[in-house]
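Have a look at the structure below, then the notes.
The values are calculated or read from the model by the stated rules, or taken from the named source; none is laboratory data. Because the structure is a prediction, the values reported are computed rather than measured. Counting neighbours? That spans all protein chains shown, and the Cβs are built from the backbone with ideal geometry, glycine included.
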Amino acid sequence: MSTATSLSTTNRNDLSHLGIIQSEWIKLRSLRSTWWTFAILFVITVGVGIQMSSSTSFAWLDGGLSQTGMQAAGVNAVIIGTDINVLVVSVLGVLVIASEYSTGMIRSTFTTVPQRVPALLAKSLVLAIGTFLVVALAVAITIPISIGLLAGNGIDVRLDDPHYWRAMIGSICYLVLIGLMAFGIGAILRSIAGGIAVALGLVFVAPLALGLVGGSSAPQIWLQNFVALLPFNLGRALTAHPGYADFASPGVPLQRPEGLWVLEPWQGALGLVMWVVVVFTAAIVLLKRRDA
């Protein structure tokens, strides 16, 4: 009798912890869309990084590029595909959760895990781990290729630069956090089309549209500062290198309007985490209140 009770308790513990995660990992792997989006993430990171590295040159610049500018060029060449990949991970994040609602599989999930919240967190965990591993592998492959190509164009990237590695790691974490935020949006809306539309609108369309409005008139500094707090620009702050101004406009002093916010990388990271926390909080509250 005690043995049966012990086994029953063990099974319940497995279900509430490791078993849920293993189940969600199997689901993630079984989705064809997962493999396609991960493949696209990988190809864009490596392909765009190689293309950018092979075409970046400052041979026309008298005196060459400063070392900080070279470091920023090295960062830009590797992570420039991130601006495209935010769209990919946004779609993936929504699909992971919203597809279960569209097929009705979510009812089986919540029947197995009645508490619901552990199932939601397990889904987000396997999404985060999978995205991190794929993007990290792609970045690791791109870095040595990029450095070699840039060296051939007269841009010598030093690997002892901590800002270089912070930007690389930041670009990986940026995509993971965007994927989690999109996942939360999908959990709130429970619709593939609606979730993707809102996620892409928030991540890509909103900063572009508001940036154009805010940049059209100098007095609208407040609007430009608001745009800086949107996920896309927070990600750029997280992945920025101190030498970016030298790389983007060599020899030209950078002038910023008075009162315009310039976020540090840690502030960009904190802002992205706050977006994820807010969206996940709303998703969990609605998950508890609504029927499956």
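The table below gives the values:
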read-out: Selection within the range 64-85 - modelled with pLDDT of 95 or more and more than 17 Å from T142 (Cβ to Cβ); value: none
read-out: Residue satisfying condition, being at pLDDT 85 or above, of a type in the set (V, I, T) and out of contact with any Ser or Thr (no Cβ under 7 Å at 6 or more places or on another chain), within set V227, V213, V262; value: V227
read-out: Unmet criterion (only one of (1) modelled with pLDDT of 80 or more; (2) surrounded by 12 or more Cβ atoms within 10 Å (Cβ to Cβ); (3) not polar (S, T, N, Q)) for I26; value: (2)
read-out: Residues within the range 67-117 that are in contact (Cβ under 8 Å) with a residue 60 or more places away in the chain, buried (at least 17 other Cβ atoms within 10 Å of the Cβ) and not in a helix (DSSP H, G or I), tallied; value: 1
read-out: M168 vs. criteria touching a Phe, Trp or Tyr at 6+ places or on another chain (Cβ under 9 Å), touching a residue at least 60 places away in the same chain (Cβ under 8 Å) and in a helix (DSSP H, G or I); value: no
read-out: Residue satisfying all of: in the range 30-63; under 12 Å from N153 (Cα atoms) and at pLDDT 85 or above; surrounded by the most Cβ atoms within 10 Å (Cβ to Cβ) among these; value: S53
